[in-house]
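Undergrad: Okay, handing you the structure first.
The values are calculated or read from the model by the stated rules, or taken from the named source; none is laboratory data. Here the structure is a predicted model, which means the values were calculated and not measured. Ideal geometry is used to build each Cβ from the backbone, glycine not excepted, and the neighbour counts take in all protein chains shown.
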Amino acid sequence: MKKIGIILNGVTGRMGTNQHLERSIHAIIQQGGVTLADGSRVMPDPILTGRNQDKLARLAAKYGIERFTTDLDAALADARNEIFFDASGTPHRIGFLERGIAAGKHIYCEKPTATVYKDALSIAEVAEKAGVKNGTVQDKLWLPGIRKFQLLKEQGFFGEILSVRGEFGYWVFTGLHEGQPIQRPSWNYRTEDGGGMIVDMHCHWRYLIDNLFGKVTRVFCKAATHIAQRVDEAGKRYKCTADDSAYAIFETDTNVICQFNSSWNVRVRRDDLLTMQVDGTEGSAIVGLRKCWAQHQSVTPRPVWNPDIDSPIDYYDNWTEVPDQVDFDNAFKTQWEIFIRHVVADDPFPWTLREGAKGVELAELSLRSSDHGRWMDVPQ
Ligand SMILES: NC(=O)c1ccc[n+]([C@@H]2O[C@H](COP(=O)([O-])OP(=O)(O)OC[C@H]3O[C@@H](n4cnc5c(N)ncnc54)[C@H](O)[C@@H]3O)[C@@H](O)[C@H]2O)c1
């Protein structure tokens, strides 16, 4: 069976370990590799790279991986390794990708691909000029909830889609209350370390809207840092320099209006940590990460405004859950398999570094909109 060497850089981090090593590469190895269109199989042969030898050794032992090193240059010099993948902290991404491209590797990486658009676009161009295949993680496209929504949409369930209301976020503990430790890395709340709600999540909203609803043409956004101080991993207080919430409206070339609230300072009373309510002339849906509920025009209740009585309608009635009709694999793993087929068999892979750069572009325009208090056009 053909083997493909894959450098997994920044693999000791949260995403690197959980999504990319355990649930993607390790899971692909366990299932016997990736099947190509001609029925043959390709087996990933990962090498774990990072700065801490002990952490790498522990991870390698846990997942039964033979190759790991702190010497990235040596891994890059080894012709066996055809793919360079990066899930390190965002500020380090460009430097690592440049090294991977210079070594002639095909490039795959986490989002955001950079903290500023200029760099994100430039690295896409460098990769294209070098002729290496390249891709960016756009995992949400393969979530079961989103795929169920796509099924409804393709079958014409919605009629004309009018608007989308996205609610994303949950309460991230500040660490300031005894017994309630933080549950996300502290760098996320410091701009100087690549943090910020907008640079983090507007990348996702860009590819979701572009792929599901229409190309984003304009944005209006208000960013906020609601919580000024948090406690870091070492138990020390630090100043939050990055936005922790964003309130945004996106216009599209299909006239579907998309609003997304994103916040680390909200307590959840909705169906999931991300929900999108999609309303169309013939039907609506609530799209969660794994589930999707639909209400057709024919069963839409008829509310009458009367605040003097308890509502006679339970608004959670008359929604039907879209059943699982196929087995849904992990979203990151699904995209990994497509990327490996792209590298080995030239299958299409449209989620390139150039597409990833569009997410960084939207984040940058959103921040500018917030600074200036006005709508920003998104170049087409
Ligand atoms: N696709 C998604 O849904 C999603 C979700 C969360 C995070 N992310 C992205 O994944 C990336 C990592 O986020 P995370 O939450 O795993 O963070 P993390 O802090 O847990 O991991 C970062 C990793 O990078 C490593 N690192 C930092 N500096 C390095 C350097 N100079 N050289 C080598 N390694 C270095 C750290 O040791 C750590 O292993 C970020 O870019 C983030 O935006 C994507």
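Undergrad: Can you go through Ala331, Ala363, Ala294 and tell me which one is among the aliphatic types (A, V, I, L, M) and touching an Asp or Glu at 6+ places or on another chain (Cβ under 6 Å)?
TA: Ala331
Undergrad: While we're looking at this one, here's another question. Return the pair list, or none, for Cβ contacts closer than 7 Å from residues in the range 150-162 that are in the same structural domain as Glu282 (by TED's automatic domain parsing) to residues that are among the hydroxyl-bearing types (Ser, Thr, Tyr), at least 6 apart or on different chains.
TA: Note: pairs meeting the criteria are Gly159/Thr281; Glu160/Thr281; Leu162/Thr281.
Residues are listed down the side, and each one gets a yes or a no for (1) closer than 18 Å to Arg368 by Cα; (2) in contact with a Cys (Cβ under 8 Å, 6 or more places away or on another chain); (3) not in a strand (DSSP E or B):
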position: Ile209; (1), (2), (3): no, yes, yes
position: Thr217; (1), (2), (3): yes, no, no
position: Glu233; (1), (2), (3): no, no, yes
position: Tyr238; (1), (2), (3): no, no, no
position: Cys258; (1), (2), (3): no, no, no
position: Asp272; (1), (2), (3): no, no, yes
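Undergrad: If you don't mind, there's one more thing I want to ask. Name the helices (runs of 4 or more DSSP H) wholly inside the range 1-77 in which the number of residues that are within 12 Å of the ligand (Cβ to nearest atom) and surrounded by fewer than 13 Cβ atoms within 10 Å (Cβ to Cβ) is 2 or more.
TA: Answer list for the range 1-77: none.
Undergrad: Right, next: Looking only at the range 195-216, how many residues end up being within 15 Å of Tyr247 (Cα to Cα) and not basic (Lys, Arg)?
TA: Total meeting the criteria: 10.
Condition check ((1) of a type outside the set (A, V, I, L, M); (2) more than 24 Å from Lys111 (Cα to Cα); (3) free of Cβ contacts under 8 Å to residues at least 40 places away in the same chain) across all residues:
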site: Ile7; (1), (2), (3): no, no, no
site: Asn18; (1), (2), (3): yes, no, yes
site: Leu21; (1), (2), (3): no, no, no
site: Gln31; (1), (2), (3): yes, yes, yes
site: Asp45; (1), (2), (3): yes, no, no
site: Asp86; (1), (2), (3): yes, no, no
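Undergrad: For the subset of the range 147-205 comprising residues that are assigned to a loop (DSSP other than H, G, I, E, B) and hydrophobic (A, V, I, L, M, F, W, C), which member is surrounded by the fewest Cβ atoms within 10 Å (Cβ to Cβ)?
TA: The residue in question is Leu176.
Undergrad: Just to verify a result, which residue in the range 366-375, among those that are in contact (Cβ under 8 Å) with a residue 60 or more places away in the chain and within 16 Å of Cys203 (Cα to Cα), is surrounded by the most Cβ atoms within 10 Å (Cβ to Cβ)?
TA: Per the stated criteria, the residue is Ser366.
Undergrad: Something else: So for the range 187-202 (the condition being in the same structural domain as Phe149 (by TED's automatic domain parsing), among the hydrophobic types (A, V, I, L, M, F, W, C) and more than 16 Å from the ligand (Cβ to nearest atom)), does at least one residue qualify?
TA: No, there is no match, as no residue in the range 187-202 is in the same structural domain as Phe149 (by TED's automatic domain parsing), among the hydrophobic types (A, V, I, L, M, F, W, C) and more than 16 Å from the ligand (Cβ to nearest atom).
Undergrad: Among the residues of the range 243-254, is there at least one that is touching a Gly at 6+ places or on another chain (Cβ under 8 Å) and either assigned by TED's automatic domain parsing to the domain that holds Lys111 or surrounded by fewer than 18 Cβ atoms within 10 Å (Cβ to Cβ) (or both)?
TA: Checked the range 243-254: at least one residue is touching a Gly at 6+ places or on another chain (Cβ under 8 Å) and either assigned by TED's automatic domain parsing to the domain that holds Lys111 or surrounded by fewer than 18 Cβ atoms within 10 Å (Cβ to Cβ) (or both).
To keep it simple, each residue is scored yes or no on (1) within 17 Å of the chain's Cα centre (by Cα); (2) not assigned by TED's automatic domain parsing to the domain that holds Leu212.
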| site | (1), (2) |
| --- | --- |
| Glu282 | no, no |
| Trp293 | no, no |
| Asn306 | no, no |
| Thr334 | yes, yes |
| Ile340 | no, yes |
